[in-house]
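Written below as structure tokens is the structure these notes are about.
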Amino acid sequence: MELPRRKFLHLAAGAAALPAMPRVACALDYPTRPVRLIVGFAAGSGLDLYARLIAQWLSDRLNQSFVVENRLGAGSNVAAEALVNAPADGYTLFMASAAQFTNATLYNNLSFNFIRDTAPVASVSRGPFVIVTNPSFTAKTTAELISRAKANPGKVTFGSAGTGTLTHVSGELFKMMAGVDMVHVPYRGEPQAIVDLMGGQLDIDFSTLAGASEFIKSGKLHPLAVTSAQRSELFPNIPAVSETLPGYDATPWSGICAPKATPVEIIDKLNQAINAGLTDPKVKAQFTAIGSTTTPLTPSEYGKVIVGETEKWAKVIRAANIKVE
């Protein structure tokens, strides 16, 4: 017996909707168990602090534990690979950093493509670096640093947290835009660079604000400029490099990503919860206190940031011929 056309179409539409129902129900219930937030750097690092602020907010808002897991190795590639290989169910997330923008070009043998194999969930924050010097260094401004470097090609040294890190490529971008020749001195992390800078073994250092702020406040380091397009809320009296070199911007982003096939309903739920935290006055103040500014975006907008920043730093890395061992 033939079904009336209207009844047939109604049943067909209902059947088509069935596959979507478990996904929606999953998103409504999510999360029902603890969620891992993987960080590719050590506990106590700037990125780790950002992750713990967001994890605490999500734990309180979604009534489930969000647990930060530090996985070190290969400039955060070990952590990123763990994300890519995790189930796409929303229970494994990754705190992405500027390392993802540079690693795509620095490493030729990665088993994954970060842009292709992950799903952007939410942007979290941006926090500039600061160019700092020993107080005895004669250049006190960006313009004076450029003049000194031009008068002494190959003599001015600049430190970074390591070859290929964004502090390094930020220095290379500065060299290109200023037309100067400075010598890069890589360190295994930020603390030793600051020690050598204060000891006079290094001329300038590209440092995180979090790492240098206490030394700036105590007068042990002199800040030349922040690397963001605008001045920092934490140190509004420090000029931005862009005030001398228009267009210069080397501000690392942090954000959260998930495995590629994670249901969009879960991604949207996380994005809404995270953005609510990023606009909360208390959370914003916590980020400002460690030198960063919250940056709520949609998943699509954050995805465009990842692509754009990866392309931007790829050009600098290739132009400077930066290699990692």
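Could you tell me how many of the residues in the stretch 312-325 are outside any helix (DSSP H, G or I) and either at positive phi or open to solvent by 100 Å² or more (accessible area, probe 1.4 Å) (or both)?
Matching residues across the stretch 312-325 total 3.
From the list E309, E301, which residue is open to solvent by 60 Å² or more (accessible area, probe 1.4 Å), of a type outside the set (K, R) and touching a residue at least 24 places away in the same chain (Cβ under 8 Å)?
Working: E309 fails: open to solvent by 60 Å² or more (accessible area, probe 1.4 Å).
Checking each option against the conditions leaves just E301.
How many residues does the stretch 27-45 hold that are open to solvent by 30 Å² or more (accessible area, probe 1.4 Å) and either aliphatic (A, V, I, L, M) or in a helix (DSSP H, G or I) (or both)?
Going through the stretch 27-45 one residue at a time, the tally reaches 4.
Could you count how many residues in the stretch 103-120 are open to solvent by less than 20 Å² (accessible area, probe 1.4 Å) and touching a Cys at 6+ places or on another chain (Cβ under 6 Å)?
Qualifying residue count for the region: 1.
Out of all the residues in the stretch 51-80, which are open to solvent by less than 60 Å² (accessible area, probe 1.4 Å) and modelled with pLDDT under 95?
G73, A74, G75, S76
Against the definition (of a type in the set (V, I, T), in contact with a helix residue (DSSP H, G or I) (Cβ under 9 Å, 6 or more places away or on another chain) and farther than 30 Å from A88 by Cα), how does V121 come out, yes or no?
No, not satisfied.
Does the stretch 217-230 include one or more residues that are polar (S, T, N, Q), over 20 Å from F41 (Cα atoms), in a helix (DSSP H, G or I) and open to solvent by 20 Å² or more (accessible area, probe 1.4 Å)?
Yes, the stretch 217-230 has at least one match.
Let me confirm something: among F158, F129, F137, which residue is touching a strand residue (DSSP E or B) at 6+ places or on another chain (Cβ under 8 Å), surrounded by 23 or more Cβ atoms within 10 Å (Cβ to Cβ) and more than 30 Å from C257 (Cα to Cα)?
Working: F129 fails: more than 30 Å from C257 (Cα to Cα); F137 fails: surrounded by 23 or more Cβ atoms within 10 Å (Cβ to Cβ).
Answer to the check: F158.
Only residues in the stretch 236-250 that are in contact (Cβ under 8 Å) with a residue 12 or more places away in the chain and closer than 15 Å to G171 by Cα count as the first member; pair them with residues that are among the aromatic types (F, W, Y) and open to solvent by 10 Å² or more (accessible area, probe 1.4 Å), Cβ under 7 angstrom, at least 6 apart or cross-chain, and list the lot.
Partner pairs satisfying both residue conditions: A250/F129.
May I ask you to list pairs of residues, at least six apart or on different chains, whose Cβ atoms are under 6 Å apart, with the first in the stretch 161-173 being closer than 15 Å to V130 by Cβ and the second being of a type in the set (D, E) and assigned to a helix (DSSP H, G or I)?
A161/E190
Inspect the stretch 90-102 for any residue being without any contact (Cβ under 8 Å) to a residue 60 or more places away in the chain and either open to solvent by 20 Å² or more (accessible area, probe 1.4 Å) or farther than 30 Å from M182 by Cβ (or both) and give the result as yes or no.
no
Need pairs with beta-carbon distance below 9 Å; first residue closer than 21 Å to A43 by Cα and aromatic (F, W, Y) and within the stretch 54-69, second assigned to a loop (DSSP other than H, G, I, E, B) and open to solvent by 30 Å² or more (accessible area, probe 1.4 Å); sequence gap 6+ or separate chains.
Filtered contacts from the stretch 54-69: W57/D280; F66/P34.
Considering K282, K269, which residue is over 20 Å from the mean Cα position of the chain (by Cα), part of a helix (DSSP H, G or I) and touching a residue at least 60 places away in the same chain (Cβ under 8 Å)?
None of the other options fit; the residue is K269.
The values are calculated or read from the model by the stated rules, or taken from the named source; none is laboratory data. Model, not experiment: these values are computed from the prediction. Glycine gets a Cβ as well: all are built from the backbone with ideal geometry, and neighbour counts include every protein chain shown. Please note that ligands, DNA and RNA were not included when accessible areas were found on the heavy atoms of the full protein model with its side chains. Shrake-Rupley method; radii C 1.70, N 1.55, O 1.52, S 1.80 Å.
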